[in-house]
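Below: the structure, in structure tokens.
The values are calculated or read from the model by the stated rules, or taken from the named source; none is laboratory data. Keep in mind it's a predicted model, so treat the numbers as computed, not measured. Quick reminder, even Gly has a Cβ in these numbers, built from the backbone with ideal geometry, and neighbours come from all protein chains shown. Just so you know, the surface numbers come from the protein's heavy atoms only, side chains and all, with ligands and any DNA or RNA stripped out. Shrake-Rupley method; radii C 1.70, N 1.55, O 1.52, S 1.80 Å.
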Amino acid sequence: MQATDTADPEYFHKVVDCQYACPAHTPVPAYIRLIAQQRYTDAYLINWESNVFPGVLGRTCDRPCEPACRRGRVEEEPVAICRLKRVAADFKDEVADMLPKAGRPNGKKIALIGAGPASLTVARDLAPLGYELHIYDEQAKGGGFMRSQIPSFRLPESVLDEEIGYILNMGVTTMFDTYVDSMSEMLTKGYDAIFVGSGAPKGRDLPKLPGRKEADENIHIGINWLANVAFEHTKEIGKRVIVLGGGNTAMDCCRTSRRLGGQDVKVIVRSPFAEMKASPWEKEDAMHEGIPIIDNHVPREFVVEKGKLVGMTFEKVEPVYHPDGRRELVPTGEDPEFFPCDDVLVAIGQENAFPWIEKETGIRFTSWGTPIINDDETFQSTRKEVFFGGDSAFGPSNIITAVAHGHKAAVSIDLYCQGKDLSKRPPPHVTLVGQKMGIHEWSYDSIPIDDERKIVPLEDLKKSLKDRMVEVELGFDAETAFIEAERCLNCDAQTVFTDAECIECDACTDICPTSCINFTHNAPEDELRAKLLVPAENTEQDLYVSGPLRTGRVMVKDEDVCLHCGLCAERCPTAAWDMQMFLYNVTKATPNLVNVK
């Protein structure tokens, strides 16, 4: 293997597994250390720099960082990264004066269609550069689906208003209560670029299921129903409710139903329980509130008697897995099962819908109804001045992915408005700084502790079920947050090796707690991985390979199992090993929005 190029910013970025897994590449260990130091405001600002909505995401994120967390490789549970993000938001001081303001006008005007997380991120990133920003949304307030689809018992309106306000106060002009019904018309308004962040607003239905038309009054599309609840157009539901679907929207529908009068609420899903799209914690929360989840049931009929919905019948199925990985749901042959109900909420997925974008605009779409986009870096459509992002780009995803799209689209819009090549992207901001304070002392806590993951306390169930505005999760207190933050293994404190200083004494291999350091003769990667003291089986994580040493051997470290404890650097008699803090700030149109020392 060739010697590892640690000057490549993506090498150590990949080693910080949690940050690398985050679509917006939030520097997770950096803000967790600040929480342990009770520097909550600084922790919040680091979050705000990359993920834009720390308070929102600290409550609602899909947590792609947590399955990647290195702590989960040595203990059963990863660090509670998401809920620590909320700690930064809950305990911060006033930050408005620390945030950037609108820049000096640059003469360019941008339209943002939809006021969801993608559009708001674009606005946040472009405002300091002096762009005139006009944001359109049919709702009365910003937030998009964060406001209309996430119930208040998960995301209080005050948190959403605060974080949206930080962006709108950066000189953004809002056109709320305004439905854009013609892209052709928008293209005549003199905008230099248009960003479409209108989400995936069409909920899927079961139009061909027997009884659908007859029972229409009591069958509701999940995302529309949640929006009606959020804006208080709907305030009650029947006592017996069936929710169809296995995603997070279905979990929000069933839990909201319990708060609006539903006493017998069931989730019925066609897939096996373990394969439901809903996050595990969302399923747990629903079941904690007394809502059963019935899997492997395919809907067959809405049963109507005397013009009124009385229930549904389902066919029971079982999954069969084929050698190619394909899953097939096969009927078990049992009699159809009937479940009585007063109302049904259909939460079986969402689709893009662009009836307002005319063919003559030159904007083209795939057969799936998604826009044809040059690539997932530029987000430029087939009409050069129109860009897409968030759910409107590739279909339904999540908030943090929409934020990531917004960052990239903002860079593209800035380059486009300057007449530059969109493919020549500015690099991320990266630092790598030594952490030595003494022979055996580092500027960060390097001792891994064995505390188990802390559980977030919940509001009393009887109280929370009475009022949909009562937040269920109470969040960590400062003491619990400190203990949980200390579980972080500081994966951004990199072990940096200097070939010329090594005397091959093997002291580092002796002290390494995971035996991840090896001195061996070089070989092709597959062979090298197999012959290490502990074979490096996870090929998704790189091997750190040095240049040739004095004996002709090389140092090989398996980045996958390194705990970043610093024992190798403490033990090394020649300082060939050093612990250096790596900070990766994602590429943005405005490079550095806040300053945290």
(request) Evaluate the Debye formula for segment 101-223 with equal point scatterers sitting on the alpha carbons, no solvent, and hand back log10 of I(q)/I(0) at q = 0.15 Å⁻¹, in q order, two decimals. (result) -0.74
(message) For the pair Glu318/Asp477, report the inter-label distance in nm, with labels modelled 7 Å from Cα in the Cβ direction.
(response) 5.0 nm
(request) Based on alpha-carbon positions alone, could you give the equivalent ellipsoid semi-axes of segment 127-194 from the gyration tensor, as √(5λ), descending, whole Å? (result) 25, 17, 8
(request) Along Cα→Cβ, 7 Å out, is where each label goes; now give me the distance between the ones at Glu337 and Arg550 in nm to one decimal. (result) 7.2 nm
(message) Tell me the net charge near Ala115. Cut-off is 14 Å between Cβ atoms, Ala115 excluded, with +1 for each Lys or Arg and -1 for each Asp or Glu.
(response) -3
(message) Take the residue pairs Lys277/Lys454; Lys14/Lys277; Lys109/Lys588; Lys85/Lys454; Lys420/Lys588; Lys239/Lys463 and return only those whose Cα atoms are more than 22 Å apart.
(response) Lys277/Lys454; Lys14/Lys277
(request) Please work out how much accessible surface His405 shows to a 1.4 Å probe, ignoring ligands, DNA and RNA, in Å² rounded to 10. (result) 20 Å²
(request) Please state, rounded to one decimal and in Å, the Kirkwood hydrodynamic radius that segment 520-589 gives when every pair of distinct Cα atoms enters the mean of 1/r. (result) 14.2 Å
(message) Over 10 Å intervals from 0, what percent of Cα-Cα pairs in segment 456-559 sits in each interval?
(response) 12, 30, 19, 12, 13, 10, 4, 0
(message) I'd like the carbon and sulfur percentage of the solvent accessible area for the chain, probe radius 1.4 Å, heavy atoms only, ligands and nucleic acids excluded.
(response) 50 percent
(request) Assuming a ≥ b ≥ c are the square roots of the Cα gyration tensor eigenvalues, decide whether segment 223-338 counts as rounded (a/c under 1.5), prolate (otherwise, with a/b larger than b/c) or oblate. (result) oblate
(request) Post the alpha-carbon centroid distance, segment 498-575 to segment 375-424, in whole angstrom. (result) 40 Å
(request) With a 1.4 Å probe and every protein chain left in place, tell me how much accessible area Val265 has, in Å² to the nearest 10. (result) 0 Å²
(request) List the extent of the Cα atoms of the chain along each of their three principal axes, largest first, rounded to whole Å. (result) 88, 63, 47
(message) Could you tell me the ratio Rg/Rh of segment 20-60? Both radii from Cα atoms, Rh via Kirkwood.
(response) 0.94
(message) For a Förster distance of 22 Å, can you work out the FRET efficiency between the beta-carbons of Asn106 and Met175, rounded to the nearest 0.05?
(response) 0.55
(request) Counting only heavy atoms of the protein chains, get the accessible area per residue of the chain (1.4 Å probe) and round it to a whole Å² value. (result) 44 Å²
(message) Suppose the chain between Ala353 and Gln2 were pulled fully straight at 0.36 nm per residue; how much longer would it get relative to their current alpha carbon spacing?
(response) 121.5 nm
(request) Sort the following peptides by mean Cβ neighbour count (other Cβ atoms within 10 Å, averaged over residues), highest first: 133-146, 415-428, 318-331, 278-291. (result) 133-146, 278-291, 415-428, 318-331
(request) Work out, step by step, the length gained on full extension between Asn592 and Gln37: first 0.36 nm times the residue separation, then minus their alpha carbon distance; give nm to one decimal. (result) 197.5 nm
(request) Can you tell me the alpha carbon radius of gyration of segment 72-112 divided by the globular rule-of-thumb value 2.2 N^0.38 Å? (result) 2.11
(message) Under the 0.36 nm per residue contour assumption, what length would be gained going from the current alpha-carbon distance of Lys466 and Glu452 to full extension?
(response) 1.8 nm
(request) With a ≥ b ≥ c taken as the square roots of the eigenvalues of the C-alpha gyration tensor of segment 389-460, please select rounded if a/c is under 1.5 and otherwise prolate if a/b is larger than b/c or oblate if it is not? (result) oblate
(message) Run the helix sum for the chain: -39,500 (n - 2.57) per DSSP H stretch of 4+ residues, divided by residue count, reported at 222 nm to the nearest 500 deg cm²/dmol.
(response) -7500 deg cm²/dmol
(message) Could you compute the net charge surrounding Asn228? Neighbours are other residues with a C-beta less than 12 Å from the C-beta of Asn228; K and R count +1, D and E count -1.
(response) -1
(request) Give, as a single signed number, the net charge of other residues whose beta carbon lies under 12 Å from the beta carbon of Asp192, with Lys and Arg counted +1 and Asp and Glu -1. (result) +1
